[in-house]
1. Report the convex hull volume per residue for the chain, counting only C-alpha atoms, in Å³.
2. Nearest 20 debye, what's the magnitude of the dipole of the stretch 62-182 about its Cα centre given +1 on Lys and Arg Cβ and -1 on Asp and Glu Cβ?
3. Given points 7 Å out from each Cα along the Cα-Cβ axis, report the residue 96 to residue 65 separation in nanometres with one decimal.
4. Helix-only mean residue ellipticity at 222 nm, the chain, DSSP H runs n ≥ 4 weighted -39,500 (n - 2.57), per residue, nearest 500. What is it?
5. Using only Cα atoms, tell me the angle between helix 85-108 and the longest principal axis of the chain; keep it within 0 to 90° and round to the nearest 10.
6. Could you tell me which of 78, 131, 51 has its Cα farthest along the dipole of the stretch 1-144 towards the positive end, charges placed at Cβ (Lys, Arg +1; Asp, Glu -1), taken about the Cα centre?
7. Would you mind calculating the gained length between residue 25 and residue 83 on full extension (0.36 nm times residue separation, minus the Cα-Cα distance), in nm to one decimal?
8. Expected output is a single nm value to one decimal: the length gained when fully extending between residue 104 and residue 8, i.e. 0.36 nm times separation in residues minus the C-alpha distance. What is it?
Amino acid sequence: MIKEFITNTSSILLVLNFICYFSKHKRYPLALKTFTLYLFLMTLIQLSSDLMAIYKMNNIFFAHYYFIGQFILLSLFFKQLLKNTFQKKAITFVLFIVLIALGIYYLLYPSNYYNFNIFETIITSIPLLVYSFFFFIQKIEDPDKKYIYIVSGFFLYLLCSTLLFTAGNIKADIIKFIWHTNVILHIVYQLLIFVEWYNHFRKKEVVGIMDEEEKKL
C-alpha cells in the first residue's frame with residue numbers, strides 16, 4: 001500500500017511538472033526547451049513502465065531508454081548551461097563516444113537488452129554527475145541562480161539511481177531499501193523541479209528571453 005502510494009505520487013508529480021513546463025515551452029530559452037523535452041520522455045517511459053507493471057509484463061528494457069535518453073537530452077541541456085568553451089566541446093565529444101560505445105556493446109551482446117546493464121548505467125550517469133559538478137562551480141560567483149533547483153535535485157537523485165540500477169542483478173534485501181530511497185529521492189527531485197518552475201519560469205517575464213548560451217549556438 002505504501003509502496004503504491006509512493007510510486008503513484010512520484011509519477012503524478014512527474015506528469016504535473018511536464019504539464020507546467022510544456023504550458024509555456026515556446027517562450028523558453030533553448031536550455032529549458034531541452035529540459036521540457038526530457039520531462040516529456042521521462043513521462044512516457046514512466047507511464048509505459050507503470051502500465052506494463054500493472055499487467056505483470058517485463059518492463060526492464062525501459063531502463064535502456066531511460067538512461068540513454070536522459071544522457072542525450074541532459075548532455076545537451078548542460079552544454080547550453082555551461083559557459084566554458086572547453087567543457088562544451090568535452091560534452092559533445094563524450095556524447096558521441098558514449099553512444100558509439102553503447103552501439104558496439106549491443107551489437108556484441110544483444111541479449112542484454114532484456115537485462116539490467118551495469119555498463120550502460122555507469123557510462124551514461126558519471127558524465128552527467130561531472131557536468132552537474134561543473135555547473136555548481138560555475139554558479140558559485142554567478143548572481144543568477146536559475147536552474148540551481150533542477151541540477152541540485154538531479155545530482156542527488158542520480159547518485160542513488162545509479163546505485164540502484166548498478167545493483168539491479170543482485171538479489172538482496174538491501175535492494176528494497178535502496179529502491180524505496182530512490183523513489184523518495186525522485187519525489188524530492190520532482191518537487192525541486194516544480195520549485196524551479198514556480199520561482200523562475202512561470203511568470204510572463206520569461207517571454208522573449210534568450211540566454212547567452214542559446215545565442216552562441
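We did not get these values from a lab; they are worked out from the coordinates using the rules stated. These numbers come from a predicted model, not from an experiment. Neighbour counts are summed over all protein chains in view; Cβ atoms, including those assigned to glycine, are modelled from backbone coordinates with ideal geometry.
1. On the way: hull volume 27.4 nm³, N = 217.
Per-residue hull volume (Cα only) is 126 Å³.
2. Numbers: 9 positive and 5 negative charges, 40 e Å.
Taking the Cα centre of the stretch 62-182 as origin, the dipole is about 200 debye.
3. Result: 2.8 nm between the two label points.
4. Working: 8 runs with 159 residues, N = 217.
Mean residue ellipticity, 222 nm, calculated: -25000 deg cm²/dmol.
5. The helix 85-108 is inclined about 20 degrees to the chain.
6. Checking the options against the dipole of the stretch 1-144, the answer is 78.
7. Values: separation 58, 0.36 × 58 = 20.88 nm, distance 2.26 nm.
Answer, rounded to one decimal: 18.6 nm.
8. Numbers: separation 96, 0.36 × 96 = 34.56 nm, distance 3.62 nm.
Difference between extended and current length: 30.9 nm.
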